[in-house]
1. For the list (1) open to solvent by less than 30 Å² (accessible area, probe 1.4 Å); (2) at pLDDT below 90; (3) part of a helix (DSSP H, G or I), I need the number of the one condition that A267 fails.
2. Filter segment 367-383 down to the residues that are under 30 Å from the mean Cα position of the chain (by Cα) and either open to solvent by 30 Å² or more (accessible area, probe 1.4 Å) or modelled with pLDDT under 95 (or both), then identify the one that is farthest from H337 (Cα to Cα).
3. Contact list please: Cβ distance under 6 Å, first residue in segment 383-410 and within 17 Å of E427 (Cα to Cα), second residue of a type in the set (D, E) and open to solvent by 30 Å² or more (accessible area, probe 1.4 Å), pairs at least six apart or on different chains.
4. Tell me yes or no: at least one residue of segment 420-431 is assigned to a loop (DSSP other than H, G, I, E, B), at pLDDT 95 or above, of a type outside the set (V, I, T) and open to solvent by 20 Å² or more (accessible area, probe 1.4 Å).
5. Within segment 89-100, take every residue that is open to solvent by 40 Å² or more (accessible area, probe 1.4 Å) and of a type in the set (S, T, N, Q) and give me the one that is nearest to G134 (Cα to Cα).
6. Spot the failing condition for A276; the list is (1) of a type outside the set (D, E, K, R); (2) open to solvent by less than 20 Å² (accessible area, probe 1.4 Å); (3) in contact with a Leu (Cβ under 7 Å, 6 or more places away or on another chain); (4) modelled with pLDDT under 95, and only one is missed.
7. If a residue has to be open to solvent by 10 Å² or more (accessible area, probe 1.4 Å) and part of a helix (DSSP H, G or I) to count, how many in segment 311-320 make the cut?
8. Within segment 122-139, can you find the residues that are surrounded by fewer than 24 Cβ atoms within 10 Å (Cβ to Cβ), touching a Ser or Thr at 6+ places or on another chain (Cβ under 9 Å) and part of a helix (DSSP H, G or I)?
Amino acid sequence: MRHGKARSAVTLITLAAVSLYCAPTRVPPVSTLGAAFRPDRDEVRLWEEARGEEAKLREKARIYRDPLLVDYLDGVVASLNPPGMAANPSISYRVTVLEDPTLNAFAYPNGSIYVHTGLLARMENEDELATVLGHEMTHVEGRHMLRYQRSVRNKQIGFAVASVAGAVIVAGVEGRAAERGDYAKAAQVRVFSDLLVGLGLQLAIIAAVNGYGRDLEREADEGGFEKMRAAGYDVREAPNVYETLLEDHGDSGKAEAFFFGSHPRLAERVEAAKAAAAAAPGELPARPGDRDEFARRIRPVVRDDARLNIEMGRLALAQDELDRAMRMMPGDPETHHLLGLLDLKRAEAEKDPEGRKNLLTEAMAAFREAIRLDPDRPGPHREVGLLAYRDGDFATACVSFRHYLEVDPKAEDAQRIRDYLLEMEREGRCDG
C-alpha cells in the first residue's frame, strides 16, 4: 500500500513536460558577479518553482518554532557568506528548521536552507554546524540546481524524470529496512520522504535525496571548507560531521533520505574532509562571536529531537540525546519528563518482570523530579497519575489527575482523565 502510494506520486511527477533545448551548464558562481548578478530566464522560472514548492512544504511540514535558534543560524550563515555573494541583489539566505529526526539538510536555489532537528542535534560545536551550512550555501552560490537542471535537459532526460530516482530509492530503502525488522529505520525514512513524494516536490527530492552528482557535491564540500577558513572556523572539525554520518549509515553507496546519504560515498567524503583539515593552518584567525551561543541554542534541539526519537521507537538514540541534554541543562523539567517517557517505552518492551518494575520505578522518579522543577507542567502529573493508578495507589492517582486538569483543563484527553477521577470518587478510592 505504501509503495503503491509512492509509485502513484512518482507517476504524477513523470508527467511533467520534458524540455529538449541545450543550455550551458557552466555558469559563474553568484559571488563572482556580486552586485552585477542577474539570474537567467530559466533560473527565474526555477526560483518561482522553488517558491511554489516551499509554500507546499511549509504548509505540511512541522516547522521547529524557535526564533532565537533561527537568528543564531542566520548569524552563522552571515559569517560564512563571502562579500560577493552578500552584495548580489537577487538572492539572500533564509534558514528554516524542520522538526524531523532524520539526518538531513538541503537548500532551494533561491537561497532557502532547511535543516532537520535530527542533524542539528548531532552537531557538537559551531565548526561542525558551519560545515553543514557552508556546504548548502555553496549549492546556492554555485547555482547547482540550475546547472543540474540544464544538464539533465541537455541529455533529454527531463528534469521531472530525474527526480523520480530519489522517490523510488526512498521507497526501496524503507521496504528493505522493514524486511530486516528495522521498523524504526523504515519509519525514519518514511517521515520526510512521504512528504516530498506525496506533494510532488521535485526540487526538494533532487536537493534532499538524489544530490547533484559527485562533481557538484565535491564542489559544495570544497566551497564550504573555503567559507569556513575565511570566517575563521576550524576546518579540522569538518571530518567529524562525515564520520558521524558514516557511523550511522555505513558506506553502502546507496541513496537514502539523509544528508549526504545519496551523495558521493561517505568514506570518500571523510577522506576529502581530512585532507582539507590537514591543510588548515595551525593558528586560526580570531573569529568574532560568542562560542557559547552554540550550546545555548542547540541544547533545546537535542532534547526535543529525543522526543521525536522516543515516538519513533529509536530508544538508544533518544537515550544518547537525553544524556547530552542532561549534561547541558540538568535542571530542565522537560528533559526529566522525557527520561520518564523513555523508561515507560523501555518497560513496554521489557520481558523480565523485575526489570520492568525497575524501569517503572525510574520513570516515576523522573516524572516526580519534573514536577518538583516545574509544578505547572501538565504531562508529568498525568503520567504519575496513570502509574499510581496501575499500581493501586489511588490516592496519589486522584491528586495527580486533579493537578493535571487544573494546569491543562483543555487537554486532548481531559475527558478521559475526568472519567478516571469520577470512577475512583464513586468507588471511594480518593481521599477527600
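1. (1)
2. D376
3. A395/D431
4. Within segment 420-431 (the criterion being assigned to a loop (DSSP other than H, G, I, E, B), at pLDDT 95 or above, of a type outside the set (V, I, T) and open to solvent by 20 Å² or more (accessible area, probe 1.4 Å)), the answer is no, since none of the residues qualifies.
5. Of the residues in segment 89-100, the ones open to solvent by 40 Å² or more (accessible area, probe 1.4 Å) are 89-90, 92, 94.
This time we only want the ones that are of a type in the set (S, T, N, Q), so: 90, 92.
Working: S90: 19, S92: 14 Å.
Looking at the filtered set, the residue picked out is S92.
6. The failed condition is (3).
7. Of all residues in segment 311-320, those open to solvent by 10 Å² or more (accessible area, probe 1.4 Å) come to 311-317, 319-320.
The next check asks that each one be part of a helix (DSSP H, G or I); those that pass are 311, 315-317, 319-320.
Number satisfying all stated conditions: 6.
8. Residue satisfying the conditions is E128 alone.
The values are calculated or read from the model by the stated rules, or taken from the named source; none is laboratory data. Treat the numbers as computed from the prediction; the structure is a model and nothing was measured. All Cβ positions, even for glycine, are placed from backbone atoms using ideal geometry, and neighbour counts span all protein chains on display. Surface areas here come from the heavy atoms of the whole protein model, side chains and all, with no ligands, DNA or RNA. Shrake-Rupley method; radii C 1.70, N 1.55, O 1.52, S 1.80 Å.
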